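No lab work stands behind these numbers, since they all come straight from the coordinates. Everything numeric in this text was worked out from a predicted model, so none of it was measured. Here the Cβ positions follow ideal geometry from the backbone for every residue, glycine too, while neighbour counts run over all protein chains shown.
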Amino acid sequence: MKNLFSNIKGDAFGGITAGIVALPLALAFGVSSGLGPEAGLYGAIFISFFAALFGGTATQISGPTAPMTAVSMVIIAGIVAANDGSVEKALPAILTVFLLAGLIQIGLGFLGLGKYIRYIPYPVVSGFMTAIGVIILLTQILPSIGYYPKEDSEFVEQFKPQAEEVILENILKDEAGEGILVLENFKETIDRADQITPEQILNESQTLAAKEASGTVGAIKVLPRALKNINWLELILALGTIFIIYGFKRITTAIPSTLVALIVMSGIAYGFNLGYRPISEIPGGIPVPRLEMFTSFSLGSITPYIFTALTLSLLGAIDSLLTSVVADNMTKTKHKPNKELIGQGIGNSIAALFGGIPGAGATIRTVVNINAGGKTKLSGMIAGVMLLLIMLALSDVASKIPAAVLAGILITVGIGVMDYKGLKAIPSLPRDIKLGPLKLSSEVLIMIVVLLLSTFWDLIYAVGIGLVIASLMFMKKIGDLTAERSDVKSLKEEAWDDEGNFPENLKEEVFIKHLKGPLFFGSTSDFQALTEQIPITAKTVILRLGRMQYMDQTGLYAMEDMLQDLKKKDVEVLFVGLLKQPRYMMERIDIIPDFIPNEHIFKDFKSCIKWVKNNVENKY
């Protein structure tokens, strides 16, 4: 507690500044997610406070971020679509998924998995981050030009037949659930169909229209129509916001340009009574827990999203720990990764209880905090309290913010979140794989696959596929390198320093094989061919294993098969320099001592030569 208040002035200034920077982004991410601006604010308040209090990075400022919001947006859209397009009806399931993601993060922290996050390959992260930017840009084009598919009556009209089909299907499902035999008596079905109002058909048509235009593919589909129906006032507000954000940075970076753009453009739109479209109303008062997520809990409604919750938690872990590394570099400190995951998980869990969207450590806000003087956890807690006070005092004012202004802010976020470092490196990366006549860089291929799949299909599966491809390519490379270094060659062509004194008269009778690197499933193919490459004259094989640090189950069985083949040919095998892990593996399945007795295992080559001189007969 003493350390917590050791830098009150700097932490207060850092926290207040970071809170101000977070305000427009929290509102924008909330609107973008589909749950409204208050969801973004609640997420920023609770995650910032509790992740700082329980986390392992002293200067980290947490809250909704672009990657977390992009994935949340997909989850929300999917659950809303499964609940007849009703956000209120879908909300318990949505918040349960967010709560589950937070609890998984806490579990990851307690299991000590924080230190393994850094092993995720850079091309996967790069492709994902660039995809996040592209998704934000494409999905914000429509609100930035003032086009909302649900309000385009001509577009909605196209979905009327489909809406009637959905409504009828729901009637039949209800009747089936009630045990009514539809085929024997259509009267009940006709009576219920007669009660359907035009308003219900319109609502369903609007839901289907919004679903058709959702996501990146949907935005591209309706873009030609949107461009014919541009609301020029909304477009000017969005462009003005973008211009101020980039332009004001050239004047000074002491004041957040995003906040300046928000205040200036909102002031112009409201002050001149321009007839713009405001964001949805932000409720005032203290946030209250959304207990309906427990009272109306249904395991079936979240079961399809358990894997999604896991991915969301992993993404939050990566996002947060990358920011922690940035904070470490700036402050010359060392974060605690597992404690940070627990803090982020607690923050996300509490935010979900109050209806907030999930978040993670935010790099820009953390950098702002450090530069403004923040040094302890108090700064992140102050940022959360600052946002709560702003919401309590200014919720009515914030509700007047134009939706196009937040769209403009998000467009700059989308541009900024892309990984330009990775994109610039594309021409210079080595082309190490061949696809037909084409030579490509494996890293570029992974990045592009993740980028395209994330943008046009599914963020979650894209990362999984990217990790699988990266792992397979890594194993192929390691296998190739191991095989290349472990070529079976005669003693004269490949002699180690301590082999110079090997008896010249026994070189035909004894074959020496060097194993360098791990014997695992990516490197066993050449090893399995060893028996065919041993000269006919050799009746003793020395395996030098001092550089074989690791053996997996595939390598173990490859070794067993080779020893069996050699035993059939009456070839004696000697081990030199066998290390602890491979020995343990071979003892588990009795390779030692069944195939290789302990007296045939030598600590060094010198003692092996001594045995050879005493036991191998010179026949050639």
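For Asp594 and Lys477, a Förster radius of 41 Å and the Cβ-Cβ distance give a FRET efficiency of 0.75, rounded to the nearest 0.05.
Work out how much length Tyr270 to Lys439 would gain on full extension: take 0.36 nm times their residue separation and subtract the Cα-Cα distance, in nm to one decimal. Before the final figure, lay out the partial values.
Numbers: separation 169, 0.36 × 169 = 60.84 nm, distance 5.68 nm.
That pair, Tyr270 and Lys439, stretches by 55.2 nm at full extension.
In sequence order, region 404-411 has phi-based couplings of 5, 5, 5, 4, x, 4, 5, 4 Hz under the Karplus curve 6.51 cos²θ - 1.76 cosθ + 1.60, θ = phi - 60°, and Gly or Pro positions carry x. Ranked by the mean number of other Cβ atoms within 10 Å of their residues, highest first, the peptides 394-406, 378-390 come out as 378-390, 394-406. Axis angle, to the nearest 10 degrees, between helix 37-54 and the longest C-alpha principal axis of the chain: 40 degrees. Packing order of peptides 556-565, 159-168, 50-59, highest average first: 50-59, 556-565, 159-168 (average count of other Cβ atoms within 10 Å over each peptide's residues). Applying the Karplus relation 6.51 cos²θ - 1.76 cosθ + 1.60 with θ = phi - 60° to region 269-278 yields 3J(HN,Hα) values of 5, 6, x, 8, 6, 7, x, 7, 9, x Hz, where x marks Gly and Pro. Ordering Pro287, Ala51, Ala39 by the projection of their Cα atoms onto the charge dipole of the chain, which places +1 on the Cβ of Lys and Arg and -1 on the Cβ of Asp and Glu, puts Ala51 at the extreme positive end. A protection proxy built from the mean count of other Cβ atoms within 10 Å ranks the segments 354-362, 126-134, 85-93, most packed first, as 354-362, 126-134, 85-93. Normalised by the number of residues in the chain, the average gap of Cα pairs under 8 Å and 6 or more apart makes the relative contact order 26 percent. The antiparallel fraction among DSSP beta bridges confined to the chain stands at about 30%. Please determine, in degrees from 0 to 90 and to the nearest 10, the orientation of helix 377-398 with respect to the longest principal axis defined by the Cα atoms of the chain, where the helix direction is its Cα long axis. Computed tilt is about 30 degrees.
Ordered by the number of other Cβ atoms lying within 10 Å of each residue's own Cβ, fewest first, Glu178, Glu157, Glu234 fall into the sequence Glu178, Glu157, Glu234.
Multiplying the sequence separation of Asn618 and Ala176 by 0.36 nm and subtracting their Cα-Cα distance, what value in nm do you get?
Values: separation 442, 0.36 × 442 = 159.12 nm, distance 8.85 nm.
The span from Asn618 to Ala176 would gain 150.3 nm if fully extended.
Amide H to amide H, with H built 1.01 Å from N, Ile401 comes under 5 Å of Ile279, counting only residues 5 or more places away or on other chains. Each Lys and Arg adds +1 at its Cβ and each Asp and Glu adds -1 at its Cβ; summed about the Cα centre, region 503-620 shows a dipole of about 460 debye. Extending 7 Å from Cα along the Cβ direction at Phe521 and again at Lys89 yields two label points whose distance is 4.5 nm.
Extension gain Arg250-Glu157, at 0.36 nm per residue separation less the Cα-Cα distance, in nm?
Details: separation 93, 0.36 × 93 = 33.48 nm, distance 4.75 nm.
Difference between extended and current length: 28.7 nm.
Against the longest principal axis of the chain, how steep is helix 160-177, in degrees 0 to 90 to the nearest 10, with axes from Cα atoms? That works out to roughly 70 degrees.
Taking amide hydrogens as placed 1.01 Å from N in the peptide plane, the amide H of Leu574 sits under 5 Å from those of Val541, Ile542, Leu543, each at least 5 positions away in sequence or on another chain. In the chain, helices alone account for a calculated mean residue ellipticity at 222 nm of -20500 deg cm²/dmol, with every DSSP H run of four or more residues adding -39,500 (n - 2.57).
Only one item in (i) 159; (ii) 242; (iii) 214 matches volume of the Cα convex hull per residue in Å³ derived from the coordinates shown, and that item is (ii).
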